[in-house]
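Read through the structure below, which is laid out as structure tokens, and then see the notes.
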Amino acid sequence: MKDNLKIQSGMLRDAVEGDAGFHELDIQSKDVQKKKNEIKQKVMKTPAMEAVVAKIDEYRGEMKDAREMLSGYLEEYQRVAGTNIIEGENGEIKEIVPQYRLVKRNNG
């Protein structure tokens, strides 16, 4: 079944890519995308935009730090209170859940 899917998908892709009209539009699309990226890079290299990018990076860093601090506070609350449930001021009930993720390990 998997092999048949590969074969049929390949046939469809080859038919579409083999069409002269599709091929011409694909080339035009790539040219337009290239020009678009050039203009974007030109705009991004202006001093004003470089400052905006720096601010965005700063805010992202602050958000990450705030999330990590909140995670630490919630972990401490869960340990001290012995529960993973928090009721907000408006009566809304929330649950503390750990978030596990894989990160690439440095072999050094």
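The values are calculated or read from the model by the stated rules, or taken from the named source; none is laboratory data. Just so it is clear, the structure is predicted and the values come from calculations on it, not from any experiment. Here the Cβ is made from the backbone with ideal geometry for all residues, glycine too, and neighbour counts use every protein chain on show.
The table below lists the values:
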item: Any hit, the stretch 87-105, residues being in contact with a Phe, Trp or Tyr (Cβ under 9 Å, 6 or more places away or on another chain) and outside any helix (DSSP H, G or I); result: yes
item: For THR83: the one exception among (1) among the polar types (S, T, N, Q); (2) under 29 Å from the mean Cα position of the chain (by Cα); (3) outside any helix (DSSP H, G or I); result: (2)
item: Residues of the stretch 8-26 classified as exposed (fewer than 10 other Cβ atoms within 10 Å of the Cβ) and either at pLDDT 95 or above or in contact with a Phe, Trp or Tyr (Cβ under 8 Å, 6 or more places away or on another chain) (or both), total; result: 0
item: Some residue of the stretch 63-80 being surrounded by fewer than 10 Cβ atoms within 10 Å (Cβ to Cβ) and not in a helix (DSSP H, G or I); result: no
